[in-house]
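First comes the structure, then the notes that go with it.
The values are calculated or read from the model by the stated rules, or taken from the named source; none is laboratory data. If you're wondering where the values come from, they're calculated on a predicted model, not measured in any experiment. Cβ sites come from the backbone with ideal geometry, for glycine too, and all protein chains shown count toward neighbours. Surface accessibility is based on the protein's heavy atoms, side chains included, excluding ligands, DNA and RNA. Shrake-Rupley method; radii C 1.70, N 1.55, O 1.52, S 1.80 Å.
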Amino acid sequence: MTFLPPRMANTPTRAQTPTRSRSSLSSAGSATPVPSSMSRTRTPGPSSSSLRRPTTPRVSLASPGPGLRARSSMSNMSTPMRPSSSLSSHSSYGAQSYQGTIKVSVRPRPLQTTAGNLTGNWNIDRVDNTISNHETGDFQYDNVFEPSANNSEVYADVVQPVVTKCLEGYNGTVFAYGMTGSGKTHSMQGSVDENGLIQLCAAELFRKLKSDFDAYKVGCSYLEIYNEKLIDLLNFDGSPVDELRIRDDPTFGVRVVGLSEHWVASEHELVEVVQKGDSARKTSCTDFNDRSSRSHAVLLMRVEMKQDSSTRHSTLCLCDLAGSEKASSQTERRKEGAYINKSLLALSTVIQKLSQGSFNHIPYRDSKLTRLLQPSLSGESIVSILCTIHLSSSTITETINTLRFAARAKNILMNVRRNEQQEPEKERYELLLKENQRQKQEIEDLKRGQVSKRLWSGPGEDVAQLSAENLILNERLEHMKRLHDTENVQSAMEVQENIQQLIQFDVSDPRFAGVVASLERQHKMQVSQIEEMKSYISHLENQLRNHIGSGTQTATVSGSDKDEEIADLKRQLRGKDSIISALRQSTKVRDTISGDKRGKLFLRPIENTVGGQKEHIK
Ligand SMILES: Nc1ncnc2c1ncn2[C@@H]1O[C@H](COP(=O)(O)OP(=O)(O)OP(=O)(O)O)[C@@H](O)[C@H]1O
């Protein structure tokens, strides 16, 4: 199984091919090589950062939900087990969910050279990630480390992929499981010589938060489960608190009521807080460990990350479980051991049922530990388990039990939801803000434009100018209409002229009476047109005089328009002269033929009108 998306499968990896070393820890035993499917990848992150100092509420963490099932039922547990290769499990990174199996790694502690630490005939293949014994056969996991592996190597394969996914908005849980003295605390907390997984995790978490996000908050809670009681390890002021209780929570699945949460702004603050909590943790000297942890310690880091318009939440849970142990010689240790073993048995049962894909009751409530881990184990968290083991012959039964526990856990499928919210509200707000700024700028520009215009033209003048232009345009429109009518008349008269040409030889013929009547009608219409033109010319001249008198720019413009119109009218009058001449010609013909004086009377008004008009225009 890999914690990284298929699209990243080809990314160069740190430990894709570790030194192939099959550690033969005994002369006996044979391990069957199993093809490895490991893919260890580092994910690069984007840019930009800003640190925000958070405040400190009291909250408890963990997330709920379904989504977990077994990959297959475990078969005969007494036979050698070869868990399915990681290749057979599928991991996919859809936009909002992660699917894969629980990641399981095995870390043997280095053999002690003291007497009685005979090797247990174990072979380790780091390349194939198998551990084998001639009695048990091969066990294959996501990682099987060499006993010489240091915490940094373990971190890179066990915790780092979970941290990466947490930064993408998935919950993550890492827990160390193994018999007493096998190296759980050494792995999680480190030693004077090397940092533990918690410190390495804190360093990477804050480094990536700073480099990849615009803003973030990290809240930290730390508790222990001692003799089935929950104790807040960060209750620094020693204020009396009621016993912490686990409650169902619609949002987080379960919630530890009364557990304090401390906001930490840096790796150092986080480590400092955890170290203070560790010093409060119950440890004692046991038959197997001088400083044995007598409790399960659970560190919860609640992370909120903001980038652009999206907000991600995730809870990272690191657990250092107490080790299973044989009955102690001391009464107090025996009592502690009984609680520890009971809770580890409950965990083992839950894992077994989950690995079998049981849809029946899962006994999470059998212990505080399983109750607390319920959201993680029920599919709301990416889970990575580090199983620490002894390789000595004296602990072979416990080691095999641990390896079987690990094999069952490896069989559990997860379907983890991603906690990311796009913020449409924020996007809309930003758009509105931009729009608002744009409009403000527009108003400012308009104000500046108005001021300069006033300085240039003075108030009210632009309105007068527009009115004048409007007036002129209306008049031009009217004039065009009249010109159009006049053209009609002119064409009609031309037709009449043609008729006159036809009738000059025999106008007395009664057949031409209709033509003469038509001529009279046309004449009257013409007189009316000429009268109208006369009045219009007079109107234009008045306007021209007014505008010239006021001396404005508008008057100048309209004056030149009027000149053009007058020129047009003169041209039309010349056209009318030819019409009148045609009419006169036809009338003369008529008079000659009929001797009637009516023709002279008929023409006189036309001559008078045209003559007056000519005078007017001159
Ligand atoms: N990988 C390792 N390299 C060096 N020393 C180790 C390693 N693992 C364990 N030890 C040493 O073994 C001793 C017991 O280890 P540790 O306290 O981590 O065991 P544990 O699993 O936490 O035991 P318990 O369950 O009793 O608390 C310690 O002194 C520790 O330094």
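Would you check if SER348 is modelled with pLDDT of 85 or more, open to solvent by 10 Å² or more (accessible area, probe 1.4 Å), assigned to a helix (DSSP H, G or I) and within 16 Å of the ligand (Cβ to nearest atom)? Judged against the criteria, SER348 is a match.
Residue-by-condition table, conditions (1) over 22 Å from LEU573 (Cβ atoms); (2) modelled with pLDDT of 65 or more; (3) touching a Gly at 6+ places or on another chain (Cβ under 8 Å):
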site: GLN500; (1), (2), (3): no, no, no
site: ILE503; (1), (2), (3): yes, no, no
site: VAL515; (1), (2), (3): yes, yes, no
site: LEU519; (1), (2), (3): no, yes, no
site: VAL527; (1), (2), (3): no, yes, no
site: TYR536; (1), (2), (3): no, yes, no
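Residue by residue, here is whether (1) among the small types (Gly, Ala, Ser); (2) within 16 Å of the ligand (Cβ to nearest atom); (3) touching a Leu at 6+ places or on another chain (Cβ under 9 Å) holds:
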site: GLU153; (1), (2), (3): no, yes, no
site: GLN160; (1), (2), (3): no, no, yes
site: THR164; (1), (2), (3): no, no, yes
site: THR173; (1), (2), (3): no, no, yes
site: THR185; (1), (2), (3): no, yes, no
site: TYR216; (1), (2), (3): no, no, yes
site: LEU244; (1), (2), (3): no, no, yes
site: PRO250; (1), (2), (3): no, no, no
site: VAL254; (1), (2), (3): no, no, yes
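The residue that is modelled with the lowest pLDDT, counting only those in the range 310-333 that are open to solvent by less than 20 Å² (accessible area, probe 1.4 Å) and within 23 Å of ARG207 (Cα to Cα), is SER310. Would you pick out the residues in the range 381-404 that are away from the ligand (no atom under 12 Å from the Cβ), in a strand (DSSP E or B) and not polar (S, T, N, Q)? Selection gives ILE382, VAL383, ILE385. Screening the range 197-208 for residues that are open to solvent by 10 Å² or more (accessible area, probe 1.4 Å) and among the aliphatic types (A, V, I, L, M) and picking the one that is nearest to the ligand (Cβ to nearest atom) gives ILE198. Determine if the range 368-378 includes at least one residue that is polar (S, T, N, Q), within 16 Å of the ligand (Cβ to nearest atom) and open to solvent by less than 20 Å² (accessible area, probe 1.4 Å). Scanning the range 368-378, I find no residue that is polar (S, T, N, Q), within 16 Å of the ligand (Cβ to nearest atom) and open to solvent by less than 20 Å² (accessible area, probe 1.4 Å), so the answer is no. Any chance the range 281-296 includes a residue that's at pLDDT 90 or above and more than 11 Å from the ligand (Cβ to nearest atom)? Checked against the condition, which is being at pLDDT 90 or above and more than 11 Å from the ligand (Cβ to nearest atom), the range 281-296 yields no hits at all. Of the residues examined, VAL144 is not one that is surrounded by 23 or more Cβ atoms within 10 Å (Cβ to Cβ), within 23 Å of GLN374 (Cα to Cα) and at pLDDT 90 or above. From the list GLU194, GLU135, the lone residue that is surrounded by fewer than 21 Cβ atoms within 10 Å (Cβ to Cβ) and more than 16 Å from the ligand (Cβ to nearest atom) is GLU135.
Here GLU194 meets the list (1) more than 38 Å from the chain's Cα centre (by Cα); (2) among the acidic types (Asp, Glu); (3) modelled with pLDDT under 90 almost entirely, failing just condition (3). Among the residues of this structure, GLN439 does not count as one that is surrounded by fewer than 12 Cβ atoms within 10 Å (Cβ to Cβ) and in contact (Cβ under 8 Å) with a residue 60 or more places away in the chain. Within the range 138-151, the residues that satisfy the criterion of being polar (S, T, N, Q) and within 16 Å of the ligand (Cβ to nearest atom) are ASN143, SER148, ASN150, ASN151.
Considering the conditions (1) open to solvent by 10 Å² or more (accessible area, probe 1.4 Å); (2) within 16 Å of the ligand (Cβ to nearest atom); (3) not hydroxyl-bearing (Ser, Thr, Tyr), ASP212 is excluded by exactly one of them, (2). The requirement of being under 24 Å from ASP138 (Cα atoms) and surrounded by fewer than 21 Cβ atoms within 10 Å (Cβ to Cβ) is satisfied by ILE396.
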